[in-house]
1. Would you mind computing, in nm to one decimal, how far apart the modelled labels at residue 166 and residue 198 are, each placed 7 Å from Cα along Cα→Cβ?
2. How would region 231-362 be classified by its alpha-carbon gyration tensor: rounded, prolate or oblate, with rounded meaning a/c under 1.5 and the a/b versus b/c comparison settling the rest?
3. Order these by the 10 Å Cβ neighbour count, fewest first: 254, 325.
4. Who wins for biggest fluctuation among 61, 87, 150 in a Gaussian network model of the chain, springs between alpha carbons below 10 Å?
5. Would you mind calculating the gained length between residue 209 and residue 56 on full extension (0.36 nm times residue separation, minus the Cα-Cα distance), in nm to one decimal?
6. Grab the DSSP H runs of the chain that are 4 residues or longer, score each as -39,500 (n - 2.57), total them, divide by all residues and round the 222 nm result to the nearest 500 deg cm²/dmol.
7. Rounded if a/c is under 1.5, else prolate if a/b beats b/c, else oblate: with a ≥ b ≥ c from the C-alpha gyration tensor eigenvalues square-rooted, which is region 120-240?
8. Need one number: convex hull volume per residue for region 8-108, Cα atoms only, in Å³.
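No lab work stands behind these numbers, since they all come straight from the coordinates. These figures come from a predicted structure and were not determined experimentally. Cβ placement follows ideal geometry from the backbone for every residue including glycine, while neighbour counts extend to all protein chains displayed.
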């Protein structure tokens, strides 16, 4: 670490928001800070969580804290997009010239006595192996979480030697959360998945076939109240060949229950499907053409779907209705293949809307 300036970092209230005030600049510093980005004489400040820098072994590839720097007189203020986290140490990096050797200063937010209560409850897909062209990973938490921690606290590395895999996920701002902020969607870079696009041609797939990887959730991930997790979580996946086929509901195994019973409808899927979409893309139509009331859940490994009717099954023809937005782990739907070569025409199926899979209750 190189420190050639005597800067002072302290917390202050600015327009009703907690900001970081940096003083100790010379007139030349202030002029350089206001210079054009990328110029040889420009100073380029950035703020990082110190813990993330230490875990990554340096600044390269680590996303900076979202926010903006404002120059006012001889002081520079960092106004964060999201509130600072109590008890966390931050590193101010000042770049000029070679980015790998920035000047750095540290400052820690005052800590509050808090007891962590949030944890990771599930990571999907719930399978041992994922396809090479995997599109999404879901992380479920027990409590509402804070924005902006996906890039900082989620890591992907080779399972065998711990070597980090860079550029796996598409940076999202804002992050992809459900309404309750309990489910985070991590989107693997689609540009590296779709064949024929420049990122795919230049960098290849985010994953490597036959090379298992480990997804880790660091305990530094903050909940909505700024508290860390009770403990971290991780999951190891194997990587099998890519899947480039549309979903074919007509090939599913539908176990028709007997009429008059309350036995659940069990649907065996042709392959694991997207966990989140599976929750609301299937429903059952009764003999009268109306949707049946009941409860539905995805089976183990998202390879089956179970529907428990609110009442006994009526005798006659039913239909399992499939919404066209349903996807498998590689983003393939009943309408199209996601990982298709864009240089070739894609032959769309004849059915472009909902698909009905008939079954009889006798």
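1. The two pseudo-label positions are separated by 1.9 nm.
2. On the way: a/c = 2.61, a/b = 1.45, b/c = 1.80.
Oblate shape, in that a/c is at least 1.5 and b/c is the bigger or equal ratio.
3. Details: 254 18, 325 12.
By the 10 Å Cβ count, ascending: 325, 254.
4. For the chain, modelled as a Gaussian network with Cα springs under 10 Å, the answer is 61.
5. Working: separation 153, 0.36 × 153 = 55.08 nm, distance 2.46 nm.
Extra length available between residue 209 and residue 56 comes to 52.6 nm.
6. Numbers: 6 runs with 32 residues, N = 362.
Using -39500 (n - 2.57) per qualifying helix, the result is -2000 deg cm²/dmol.
7. Details: a/c = 2.03, a/b = 1.54, b/c = 1.32.
Here region 120-240 falls in the prolate category.
8. 99 Å³
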